[in-house]
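Working notes, beginning with the structure itself.
Nothing in this text is a laboratory measurement; each read-out follows from the coordinates by a stated rule. In this text, all values refer to a predicted model and were calculated from it rather than measured experimentally. Don't worry about glycine lacking a Cβ; one is built from the backbone with ideal geometry, like all the others, and counts go over all protein chains shown.
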Amino acid sequence: LASAEDIRLVLSDVIMPGMTGPELAERLRQIRPDIAVIFTTGYAGDAAADLVGAGPILHKPFTIAHLQRAVSDVFQHPRAAA
């Protein structure tokens with residue numbers, strides 16, 4: 001079983017019941033400032049634009065190649081700790 005220290009990446013939908021993806025990322029980064037987060041969404045336009053700077057966004061449907069590119073990018077260009 002993995003521990004919290006083993007988790008290096010979270011893939012989160014933008015809109016979820018009870019909280020948004022950015023809210024989840026903020027909570028996670030309070031515990032693990034170095035954790036990578038990639039967002040996914042089926043929404044276009046303003047809903048996705050609100051996330052600029054929050055992390056990479058994959059628009060549904062996405063391919064494995066898109067996911068691989070996002071994962072590679074997030075680890076090559078890590079987010080600066082807040």
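A few remarks follow.
- Theoretical FRET efficiency, 1/(1+(r/R0)^6), r = Cβ-Cβ of residue 15 and residue 76, R0 22 Å, to 0.05: 0.20
- Length gained on full extension, residue 5 to residue 64: 18.7 nm, using 0.36 nm per residue less the C-alpha separation.
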